[in-house]
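Working notes for the structure below.
Bear in mind that the values in this text are calculations on the coordinates, not laboratory data. Since the structure is predicted, the reported quantities are computational estimates derived from the model, not experimental observations. Here Cβ is always computed from backbone atoms with ideal geometry, including for glycine, and neighbour counts include all displayed protein chains.
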Amino acid sequence: MSVDQHRAVAGAPSFGFAVITASDSRKPGDDLSGALVRERAAAAGHGVAESRLVPDEAGALRAAVGAALALPAVDVVVVTGGTGLAPRDVTIEAVAPLFGKTIDGFGELFRRLSFDEIGPAAMLSRAAAGVVVGKAVFLLPGSPAAVRLALDRLILPELAHLLAQARRAR
């Protein structure tokens, strides 16, 4: 099947999102990136089943993502923050080991599109994605511009197709 045929079969269902912000400094009132994920998901017709702030600590992040993935209402987990190169940036190390399959093209395309917006600093992003038992997990930088780019250009347009493929029976 072509990509268009796969998308047509997948349709445009509503999915449940979990939004996790990895930060030692953000508070609910100033979590702009988490708010942006919730707003964009809702505007696209999806629900938000879970939303929380988690400290930049590997154990806490892994536990939060695991708890979100265990919720039946969650199809997609979006983690914002902690994907850079600073010593406290541990999102990739904490969450990527949970992936049953990685979505390598996501990080590649994200950095390519980011390059168009911010230039060579895009190479500092370690944005990543994967699938955990039929659920999609996206690890995004914490900046609202990066979250907007990832959601609008990559995640939301391809989500139904991605999940349909991840959930196909053998």
One residue is enough: does region 142-153 have a residue meeting the conditions closer than 21 Å to ALA73 by Cα and assigned to a helix (DSSP H, G or I)?
yes
Please state which one of PHE115, PHE138, PHE106 is out of contact with any His (no Cβ under 9 Å at 6 or more places or on another chain), of a type in the set (Phe, Trp, Tyr) and in a strand (DSSP E or B).
PHE138
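Do we find that SER14 is farther than 19 Å from ALA94 by Cα and either touching a strand residue (DSSP E or B) at 6+ places or on another chain (Cβ under 9 Å) or not in a strand (DSSP E or B) (or both) in this structure? It would help to see each step written out before you state the result.
Working: farther than 19 Å from ALA94 by Cα: yes; either touching a strand residue (DSSP E or B) at 6+ places or on another chain (Cβ under 9 Å) or not in a strand (DSSP E or B) (or both): yes.
When the stated conditions are applied, SER14 passes them.
For every residue, the table says whether it meets (1) under 24 Å from ASP24 (Cα atoms); (2) buried (at least 18 other Cβ atoms within 10 Å of the Cβ); (3) among the hydroxyl-bearing types (Ser, Thr, Tyr).
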| site | (1), (2), (3) |
| --- | --- |
| GLU93 | yes, no, no |
| THR102 | no, no, yes |
| LEU113 | no, no, no |
| ASP116 | no, no, no |
| ALA129 | yes, yes, no |
| GLY134 | no, no, no |
| VAL137 | yes, yes, no |
| LEU154 | no, yes, no |
Near pairs, Cβ below 7 angstrom, 6+ apart or cross-chain, from region 97-108 (more than 18 Å from LEU61 (Cβ to Cβ)) to any residue that is in a helix (DSSP H, G or I) and not polar (S, T, N, Q)
PHE106/LEU154
So which residues in region 113-148 are farther than 19 Å from LEU159 by Cβ and without any contact (Cβ under 8 Å) to a residue 40 or more places away in the chain?
SER114, PHE115, ASP116, GLU117, ILE118, GLY119, PRO120, ALA121, ALA122, MET123, ALA145
For region 20-77, the count of residues that are part of a helix (DSSP H, G or I), in contact (Cβ under 8 Å) with a residue 40 or more places away in the chain, farther than 22 Å from LEU162 by Cα and out of contact with any strand residue (DSSP E or B) (no Cβ under 7 Å at 6 or more places or on another chain) equals 1
